[in-house]
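Below is one structure, written out as C-alpha cells; comments come after it.
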Amino acid sequence: MEPGRDGRCRTGMRTSVAARFGLILMLTVSLSACTVDSSLTPTPPTAVACAVTLPGPVPADQPWRESLFGSGSAYGNQGLWVGGLGEGGRIPFEPDGRKLAWWRVVPGPLRITGHRLDASAAPLRSAVPSGYGDRGFQSSGVYFSTPGCWEITGTAGSARLTFVTLVG
C-alpha cells in the first residue's frame, strides 16, 4: 500500500467507501421488502367511509320552500327540514362554526345535537337563537370540534330529523 498525497492509505479509503456503499445497498434492498401494517396507520375520513345523507331540493309543492335558505341542498321529512347542506351533503370545517337553516313544519323550539361517527371527538355544539316564533324558519349555528363523519339530529315538537354529513 502506498500513501496518497495527504499521507492516508488510498486502499483503505476505497475499502471504506465500498463498505458504505454495500451497507446502503443492503439496507435499501431490506427495506424495500418491508410492508406497512395498514391497521397501524390512521386513515382520514372519506366519503366512502361516511354514509352521507344526500340532500336535494325541497319539493316544489311546499309553499315555504323559497323561505328556507339553502332549499336547493336540503333534507327533511313531514315535520322538519334543514337547508344549506352543501354539495353532496358535505360541510366545510369552519372553526368558528357553520350556519344551518331549518324549517319547522310542526310547532316547537328547535334543539340540535350531534356526534362524530368515525372517531371519538367532543360532541357537536349548537346555538339556536330566539325570536323566530314557534314554527317556520329558524337559523342556527353548529360547531364541529374536528373534521370527520358526523350524525346530526334536529328536534322540534314531535318532529325529529337525523342526517349524516362529512365535515372537512
Legend entry - Leading residue by the ranking (surrounded by the most Cβ atoms within 10 Å (Cβ to Cβ)) among those in region 54-77 that are among the polar types (S, T, N, Q) and not in a helix (DSSP H, G or I): SER71
Inset, instruction - Answer yes or no as to whether ALA119 is more than 30 Å from ARG135 (Cα to Cα), touching a Ser or Thr at 6+ places or on another chain (Cβ under 9 Å) and at pLDDT 95 or above. - result: yes
Inset, instruction - Select from region 78-97 the residues that are over 18 Å from ALA51 (Cβ atoms) and buried (at least 18 other Cβ atoms within 10 Å of the Cβ) and write down the one among them that is farthest from the chain's Cα centre (by Cα). - result: GLY79
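The values are calculated or read from the model by the stated rules, or taken from the named source; none is laboratory data. All of these numbers come straight from a predicted model, not from anything done at the bench. In this analysis, Cβ positions are derived from the backbone assuming ideal geometry, glycine residues included, and neighbour counts consider all displayed protein chains.
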